[in-house]
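Just below is one structure, and these are the notes that go with it.
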Amino acid sequence: MAKEKTDYYPQLYPIARYMIDRRFDRTVTGEENILDEPAVYVPNHIIIEDSPIVAVSFTETTGRPLRFVAKQEFFDGKGIDDKGKWGRMTRWVVEHTHMIPIDRESTSPRDLMTFQNTVAHRLRQGDSVALHPEGTRSDDGKLHKFRSGAARIAIAEKVPIVPVGLVYGKYSNNRKTHVDVMFGQPILAEEY
């Protein structure tokens with residue numbers, strides 16, 4: 001494993017919270033379901049801001065970082081649109097907040113093992129990890145078929161899965177968009 005970059009999550013959190021709260025009016029429920037122990041959080045994925053909204057809501061409640069799984073393109077400097085938009089900044093942020101890269105196109109067992117080992121390392125360090133179980137954003141706003149990665153990780157590492165629901169109000173250029181962030185009851189993977 002390569003040497004990790006300095007973790008600036010604590011310093012970047014207030015900036016992220018400020019930026020999210022300027023654009024979104026958040027209501028967070030189910031804070032009692034956020035665990036004091038490492039867990040895998042699985043939010044639905046509708047817009048690019050889903051991950052920072054969940055991370056800010058988690059950290060606001062716990063004071064701890066939430067490490068997201070992010071597509072490899074963010075780490076390659078391809079930016080948020082895969083054409084370089086904010087590429088260098090995005091790469092710096094994901095590296096310095098210890099997010100976890102995943103190559104969504106790879107079918108290599110070696111790549112899968114590297115990914116699983118990285119997630120396991122984060123969980124064993126005491127961090128919680130989040131990933132979007134659909135694998136990518138939903139273009140139509142509906143929940144799509146889940147991939148098995150979150151369940152496999154939770155079973156292998158014997159950690160709970162915490163579902164997270166994001167529901168957005170109507171978008172408006174003139175005012176903040178409302179978002180409900182709902183942390184569901186933890187699921188113990190070994191029970192299934």
Any idea what the relative contact order of the chain is, in percent, if you count C-alpha pairs under 8 Å spaced at least 6 apart?
32
Taking the stretch 21-113 and dividing mean pair separation by its residue count, relative contact order in percent (alpha carbons under 8 Å, at least six apart)
20
Report, in whole Å, the centroid distance computed from the Cα atoms of the stretch 1-41 and the stretch 145-192.
14
Candidates Pro14, Pro160, Pro133; GNM for the chain (alpha-carbon contacts under 10 Å) flags as most fluctuating Pro14
Restricted to the chain, the DSSP antiparallel beta bridge percent, nearest 5, is 25
For q = 0.08, 0.12, 0.18 Å⁻¹, Debye-computed log10 I/I(0) when each Cα of the chain counts as one equal scatterer:
-0.24, -0.57, -1.42
The stretch 46-192, accessible surface, carbon-and-sulfur percent (1.4 angstrom probe)
52
Placed amide H near Val179: partners under 5 Å, 5+ positions off or other chain:
Asp25, Arg26, Thr27, Gly169
Would you mind getting the accessible area per residue of the chain, heavy atoms of the protein chains only, 1.4 Å probe, in Å²?
59
HN-Hα J couplings of the stretch 33-46 from phi, Karplus 6.51/-1.76/1.60, θ = phi - 60°, integer Hz, Gly and Pro as x?
8, 7, 8, 7, 9, x, 8, 9, 9, 10, x, 5, 9, 10
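As a test of the formula, what do you get for the chain when each DSSP H run with n ≥ 4 contributes -39,500 (n - 2.57) and the sum is divided by the residue count, at 222 nm and rounded to the nearest 500 deg cm²/dmol?
Calculated mean residue ellipticity at 222 nm is -10500 deg cm²/dmol.
When only DSSP loop residues count, what GluC sites (Glu not before Pro) in the stretch 1-83 have their Cβ near at most 11 other Cβ atoms within 10 Å?
Answer by residue number: Glu4.
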With label points set 7 Å from each Cα along the Cα-to-Cβ direction at Asn117 and Tyr8, the distance between them in nm comes to 2.8
Asn44 long-range amide H proximity, modeled H, under 5 Å
Val164, Leu166
Area of Ser51 that stays accessible when all protein chains are in place (1.4 Å probe, Å², to 10)
30
Between Ala39 and residues 5 or more places away or on another chain, which pairs have amide H atoms under 5 Å apart, with H built 1.01 Å from N, and which residues are they?
Ser128, Val129
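The values are calculated or read from the model by the stated rules, or taken from the named source; none is laboratory data. Please read these numbers as outputs of a predicted model, since none were measured by experiment. Neighbour counts run over all protein chains shown; Cβ positions are idealised from the backbone, glycine included. In case anyone asks, the SASA skips ligands and DNA or RNA and just uses the protein heavy atoms, side chains included. Shrake-Rupley method; radii C 1.70, N 1.55, O 1.52, S 1.80 Å.
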